[in-house]
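Structure, as structure tokens:
All of the numbers you see were taken from the coordinates with simple rules; none came from a lab. Bear in mind that the values here come from a model prediction, so they are computed numbers and not experimental data. Using ideal geometry, Cβ is built from the backbone for each residue, glycine included, and neighbour counts are taken over all protein chains shown.
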Amino acid sequence: MIKLAAKTIALGRSVLAGESSLRAMVIRGSVWTLGAHAGVVVIRMARSLVMTRLLFPEIYGLMTLVWAVLTGLQMFADTGIQTTIIRDPRGDEPDFLNTAYTASVFRGLLLWIACCAIAYPFANFYHQAALRQLLPATGLTALILGFTATAAFTVRRHMDFRRPAIIEIATELVTFAVLVVWAYLSPTVWALVGGAVLGQLFAVVASHVYLPGIRNRFRWDRSALDTFVGFGKWIYLSSMVFFLSTQGDRFMLGRYVDLKHLGLYGTATVLSGAVATVVYKINSDVLFPAYSRVVHEGVARLRQVMLRSRAAMDFALLVPITLLAVLGHRIVELLYDPRYHEAGWMLQILCVRLLIIATISNSESCLVALGHSKYSFLQNICRAVAILVGIPLGWSLRGLPGVIWAVALAELPPLAVMWFGLVRYRLFSFAAELRSLLFIGAAAITGYGILQLWR
């Protein structure tokens, strides 16, 4: 009996040690992930400030179209290789990983060929001959990305976030250096292309040299391929809808506005996107793991944790976003070249979108932790439909401001979807929504006070 009790105590200690170790890895991973992202945001903001003084808005307008196409192709060809390696029991087997590497290289080659194939019709559609050369050249980033070592995925599988974070920061610094030097010597759109290609090349080389893991070689394991296809088909469908909901505005704007205003819109979305990515990172890398750890304790416990977390996150996110909405035009005027000052009022409108996203992301993390991922799919569909319908309507009613408002308010249908899910699973809190409005109102009053003193 004594021996049995001793074994039981030892087992209990082992379990507690395992939980403590997992908690430590989650916290450490969150710190590295968020720290790296904060560094990336700072570098990209600095890059934006420097590059907008060297390049004209029309150049950014061209690249807005190019990156929208490339992002779309990558999403349409998303096979879920990274996710499959992280979650599959065979994720450390050499044959499995080498098959993933082979498939990734093949995917990158197909993406580059697709960029070359659509370059001419795309250039003709937007009446921009430069796109005939820009698309194939920029498409090299997809080809290079295909050669990324599978070690980039296995280190995440084992929750080692330090090395990927270092590579991410180093890649941004290399890209920044190439962009600035190239744009200074030759202030053309090719500076942006060259920086992107060389930065991607650095990241791929670093994944092979710096990250621990097997040395990849070409291999074709049919059972591994079946695993990628079986799991990836759902990611493929979700990626298509996500692309339409997040990139559709750029394609449509390219038909309505000139390159200058498209470039200004691109600058505004870079600024608002930096904030949006912080929101997504906090929810996906911090709150979602936290919710997932308590979901087995029941809905009541999950609701308690969610509301407590949301109170802190609402204050940390909604207040600065609201201040940015009020002061956005002054901040842009202070930091940017006069050619980009019109991006200020666009940023202010897009902050309305950020406020809704901050609410949606927290709700989405909670529902997905419960296992109801269909709401993520439904909200992307609603957003895509809202953008496809709202942009032409906004243009016909108020021109460019109407279009920007259509993009911002396209988040309202997804918000309704998330509220419906929260109500259905007894997670909705009227008090929490009211508190969010109070935070926004108080921050808006503070912002207008600051604005008066600024004058």
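Annotations for the structure displayed:
- Fewest neighbouring Cβ atoms within 10 Å first, the residues Ile167, Ile404 line up as Ile167, Ile404.
- R0 of 22 Å, Cβ-Cβ distance Glu433-Ala274: FRET efficiency to nearest 0.05: 0.25
- Taking a quarter of the surface of the Cα convex hull of region 134-199 gives a mean projected area of 4.7 nm².
- About the Cα centre, charge dipole magnitude for region 257-455 (Lys/Arg +1, Asp/Glu -1 at Cβ), debye: 460
- Neighbour counts of C-beta atoms inside 10 Å place Trp112, Trp405 in the sequence Trp405, Trp112, starting with the fewest.
- Across region 272-282, rounded Karplus estimates of 3J(HN,Hα) from the backbone phi angles (6.51 cos²θ - 1.76 cosθ + 1.60, θ = phi - 60°) give 6, x, 4, 5, 4, 5, 4, 4, 4, 5, 4 Hz, Gly and Pro being marked x.
- With the simple spin-label model, which puts each label point 7 Å out from Cα in the Cβ direction, the Ala444 to Gln304 separation comes to 3.5 nm.
- Sequence of Arg310, Arg424, Arg132, Arg47 once ranked by neighbouring C-beta atoms within 10 Å, starting from the fewest: Arg424, Arg132, Arg47, Arg310
- A full extension of the chain between Ala46 and Gln452 corresponds to an added length of 143.4 nm, given 0.36 nm per residue minus the alpha carbon distance.
- √(5λ) per eigenvalue of the Cα gyration tensor, region 257-455, largest first, Å: 32, 20, 14
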